[in-house]
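Data first, discussion second: the structure below is written as structure tokens.
The values are calculated or read from the model by the stated rules, or taken from the named source; none is laboratory data. This is a predicted model, so every value here is computed, not measured. Cβ sites come from the backbone with ideal geometry, for glycine too, and all protein chains shown count toward neighbours. In case anyone asks, the SASA skips ligands and DNA or RNA and just uses the protein heavy atoms, side chains included. Shrake-Rupley method; radii C 1.70, N 1.55, O 1.52, S 1.80 Å.
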Amino acid sequence: MSEGAGDDDAVVFAYLKLEGPRFQGRGMPVNSVAEVAQFREAVFTVARRMYLDENPDRQRLPGNFDEAFDLRLIEVEAGSAVPKLLLNLTKIRDLPDGPSWENALSRAVPALAVIVLGLTGTSVEPGTNTVALSPKELTVVAKLGSTLGTAESMVFADTAQNPNPTVLDVAARIVMREAVRVPLAPPADRAITVTGVIEELDGAAGHFRLRAEDSSLIQVRLSPDRPGLAEVAKRHLAPDGVTAPDVAVTGIVDVPDGERVRLLRDVTQIELVRTMWEKVLVDKLTTISELEPGWWGPESVPPDATALLHVQELIPVLGRLDIAFAIASTPEGSIVIEWSRDGTTFVAEIEPDDQMYLYRGGDNYEDRESPFDATTLVAFAESGRLR
Amino acid sequence: MTAAHDSDAEPTQLTDEAEVLRRQVHPSWVKADGTPMSTAFRPGRADENQMSTLRERVPANEAHRRHVEAGLESAGTWGVLVGSAHAGGAVALDDAGIDGNPPDHASIDCRSMGKGAKERLGEALRDEAVTRGCLFVAPRVDTTS
């Protein structure tokens, strides 16, 4: 932030100067105060973007952050329109996460300068970090100097001592507005499909939150033309955010490819990708595949690789049978799949020599040994019958 | 903990049908509901078809401690009734100190049983163990399945 002024709770915030014949007299024309307000809006827009990018768990700026950016015009230095701006820090520091907001504000003016240099076609030093603003946010920046005449300029920097302040003369303003006008054309809506887990459903309002596979959170709005989708979403809801199926949600976004998706609207399709049981079985298979020699005594061996592969290929089918399968390895390296139905225990054991053992329990148990055959095993799981 | 090798001793059949032997269950054999799979109560080639347990005189938590101290994992101690082992066609033997077995060791000998019979025995012993309840639950049990 700029150098401190006398008040411990306020600091001089940025250096701003308006140049031109109109600003030679005492003070500054009343109608040019709008430029100070627009400068404040541009800085706020950049700081807001920086804060949200650095706090990806937040969808919006926390309440009172806008109000806490309390920038005050306390005087105009004699001889030129140099409005002295003080930032009241008290409100910021009283906020939860106030330090993060204060930090973003302290970096916003230099970041704004880099953005403006980029828009005006001025080269910046390689490696200079730049904040990526949306088209809507860029329009706020492009309004800087919009009330100034052709012979007038706006000069700004983080401090008065900065040897290279940013100068927005008429030429730079024209280039900047032309540059912003191109991306301002609304990006074409495009349909995408995102896979994740459904959290926090509001079926009546037709929206839910999707936790995508990259852990980002996306607000999802269902298409009003698909009234049944709310029920589909409800079926696949994760009450604890974990034990739920993976679904593929198809809808419309208006951000370019590669930009982070925050809102998926007009959703027309929710498809089951991976059931909860599939996910549980995959997790378990991963655990037992890591068993090492001797895991259950000196003669015990890790699970057979071929048996593991067979089970891995079976999981997408078994996971959709709505049966609570349990899988484990035996000390001999077989993979055992066990389940029960109506009090009867069923076992399918895939052995290291690519043999398969099927067992239906109870006092009158039945069993069968044969070469491994996935179709037979799945049929046994579905029907409970060996023949 | 080592056991003296006694090449002259012979295992002796347990006769108290009410004795509840101590069986350790590997964490990967515990289902999502916290109960063990029947696999946990069925021997195989790796243990020469003799399921390993400890005598009832060993407290359940002590049985678990000895197992873990030997470098093995266990989700907890479950009970195996001698009478049920016999009823299922197996023989419960005290073979402590024989062929390197630790003190208080007992085997559920299934060497004469076919695969189906062993599977059935495992199922029956598991069902009974579940009814009795886990005798000792190890801290941080892996209950995924």
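Miscellaneous remarks
- Computed FRET value (nearest 0.05) for A:Arg190 with A:Val33, which takes r as the C-beta separation and R₀ as 35 Å: 0.25
- Area accessible to solvent at A:Lys91, 1.4 Å probe radius, in Å²: 80 Å²
- Placing a label point 7 Å from the Cα of A:Asp214 along the Cα-to-Cβ line, the residues of the stretch A:251-271 whose backbone N sits under 18 Å from it are A:251-265.
- Semi-axis lengths (Å, descending) of the ellipsoid that matches the C-alpha gyration tensor of the stretch A:188-235: 18, 15, 9
- Average partner coverage of A:330-337, which counts Cβ from other chains inside 10 Å: 4
- For the stretch A:12-74, the spread of Cα positions along the three principal axes, ordered from largest to smallest, is 49, 20, 18 Å.
- Principal axis extents of the C-alpha atoms in the stretch A:64-108 (largest first, rounded to whole Å): 41, 18, 13.
- Residues with amide H under 5 Å from that of A:Ala10, placed H, sequence gap 5 or more: A:Leu89
- Residues A:Thr344 and B:Glu10, FRET efficiency given R0 of 35 Å [Cβ-Cβ distance, rounded to 0.05]: 0.35
- Here, the stretch A:32-122 has an Rg and a Dmax of 14.3, 47 Å when only alpha carbons are counted.
- A P(r) calculated from all alpha carbon pairs of the stretch A:150-305, with 10 Å bins opening at zero, reads 9, 25, 17, 14, 15, 12, 4, 2, 0, 0 percent.
- P(r) tail fraction, the stretch B:1-117 - alpha-carbon pairs more than 26 Å apart, %: 14 percent
- Translational D in µm²/s for the stretch A:185-264 (Stokes-Einstein at 10 °C, 1.306 mPa s, Kirkwood Rh from C-alpha pairs): 123 µm²/s
- Surface composition of the stretch A:307-387: carbon plus sulfur atoms contribute 44% of the solvent-accessible area (1.4 Å probe, protein chains only, all chains present).
- Extension gain, A:Glu366 back to A:Ala248 (0.36 nm per residue minus Cα-Cα distance, nm): 38.4 nm
- Compactness of the stretch A:303-359 as Cα Rg over 2.2 N^0.38 Å, two decimals: 1.09
- Area of B:Asp33 that stays accessible when all protein chains are in place (1.4 Å probe, Å², to 10): 110 Å²
- Interface A:B - total buried accessible surface [probe 1.4 Å, Å², rounded to 100]: 2400 Å²
- Close amide-amide hydrogen proximity is noted between B:Gly76 and B:Val25, B:Ala138, each under 5 Å apart and 5 or more residues distant or on a separate chain (H modeled in the peptide plane; Pro and chain starts excluded).
- Rg(Cα)/(2.2 N^0.38 Å) for chain A, N = residue count: 1.51
- Convex hull projection area averaged over all views, the stretch A:272-387, Cα basis, nm²: 7.5 nm²
- Every Cα-Cα pair in the stretch A:290-332 was counted, and those over 16 Å apart are 46% of them.
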